[in-house]
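Inspection log for the structure reproduced underneath, given as C-alpha cells.
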Amino acid sequence: MTNLQGKVGLVLGIANQNSIAYGCARAFREAGAELAITYLSAKAEPYVRPLAEALDSPLILPCDVRDPGALEAVYDAIRDRWGRLDFVLHSIAYAPKDDLHGRVVDCSQAGFAEAMDVSVHSFVRMARLAEPLMTRGGCFLSMSYYGAEKVVGHYNLMGPVKAALEATARAMAAELGASGIRVNALSPGPLRTRAASGIDHFDALIEQAAARAPEHRLVSIDDVGAMAAFLVSDAAASVTGDTIHIDAGYHIMG
C-alpha cells in the first residue's frame with residue numbers, strides 16, 4: 001500500500017463526490033497524508049465541505065484562482081498550519097461555454113486567454129507559491145486528457161489548452177528537478193464528472209472509450225486516485241516530467 005504518512009498536501013478541484021480530485025484526496029488520506037482542501041465559491045462550499053470534513057482536513061478554504069490574492073491566502077494558511085508542503089494536486093479547468101462549444105478557429109481571444117489562465121497558468125502560480133514550502137522536495141500533479149494529444153470530437157478548445165498544460169508540466173519538471181521537486185500530468189479516460197458534463201455529446205464519448213479500450217471498461221475516480229497517491233509517494237521518486245495515462249489502455253489504440 002502507498003505510504004503517505006507524515007506528508008502534507010493541497011488539493012484543488014473538488015466539486016462533489018464524483019470529482020476526480022475527490023478520488024485523489026480520498027486516496028491521499030487513506031495513505032496517511034494530511035490535506036488542505038479548497039472549494040470554488042460559497043455556492044460550492046456545501047458540496048465540498050462535508051467531503052473535506054470526512055477526510056479530517058484541518059484547512060478547508062475558498063479559492064477561485066481568478067480572484068486576486070485567493071491562491072496566496074491558501075498558501076499563507078498552509079504556511080501558518082504546517083510550515084511546509086509535500087505535494088499539490090491541480091485538478092481545475094475552465095473555458096467559457098461559447099468558446100468551448102464552438103470551433104477552435106472561432107474561439108474569442110478573451111475566452112482563449114481565460115481558459116489558459118484558469119487551466120494552465122494557475123498551475124504555474126501554484127508551483128511558484130509552493131516551491132519555498134517544499135524544503136524536503138515534493139510533487140506537483142496536474143490533470144490532463146487524451147484530447148491534448150489527438151483531436152477528440154467536441155473537446156474543442158480544451159484540446160490546445162490541455163496540450164499546453166502537459167508542455168508546461170514538462171518544463172516545470174526540468175526547472176524544479178534539482179530541488180527534488182517532481183511534476184507529472186495525469187491523463188484519465190473520460191469520467192462522468194461535473195466538468196465533463198459541459199462537453200457536447202459526452203455520452204457518446206463515454207461509450208466509445210469503453211468499447212475501444214483494451215480492457216473494455218471505463219476507469220473510476222478511485223483508479224485515478226490510486227495512481228496519484230503513488231506518484232506523490234517516495235516510491236515514485238524517480239518519476240517526473242511524464243504524462244501518465246489511466247484509461248484502461250484507450251490511448252494505445254489507433
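Only the coordinates and a few stated rules stand behind these numbers; no lab work does. Note that this is a predicted model, so its numbers are computed, not measured. Here Cβ is always computed from backbone atoms with ideal geometry, including for glycine, and neighbour counts include all displayed protein chains.
Before moving on, here are some points about what is shown:
- Against the chain, whose longest principal axis is taken from its Cα atoms, helix 202-212 shows a tilt of about 90°.
- Principal-axis tilt of helix 70-81 within the chain, Cα atoms, nearest 10 degrees: 30 degrees
- Along the chain, longest interval not containing exposed trypsin sites (Lys or Arg not before Pro), exposed being DSSP loop plus at most 16 other Cβ atoms within 10 Å: 1-42
- In terms of its C-alpha gyration tensor, region 48-140 has a prolate overall shape, because the principal axis ratio a/c (a ≥ b ≥ c, square roots of the eigenvalues) is not below 1.5 and a/b outweighs b/c.
- Folded to 0 to 90 degrees: helix 221-232 orientation relative to the chain principal axis, Cα: 50 degrees
- Sequence of M172, M134 once ranked by neighbouring C-beta atoms within 10 Å, starting from the fewest: M134, M172
- What the phi angles of region 101-118 give under the Karplus curve with 6.51, -1.76 and 1.60, with θ = phi - 60°, is a coupling list of 8, x, 5, 4, 5, 9, 5, 7, 5, 5, x, 4, 5, 5, 4, 5, 5, 6 Hz, glycine and proline written as x.
- Highest-fluctuation residue, L35, L205, L231 considered, GNM on the chain with Cα pairs under 10 Å: L205
- Taking C24, C63, C107 and counting other C-beta atoms within 10 Å, the order from fewest to most: C107, C63, C24
- Separation of alpha-carbon centers, region 18-92 and region 151-180, rounded to whole Å: 22 Å
- Whether region 8-252 is rounded, prolate or oblate, judged on the alpha carbon gyration tensor where a/c under 1.5 counts as rounded: rounded
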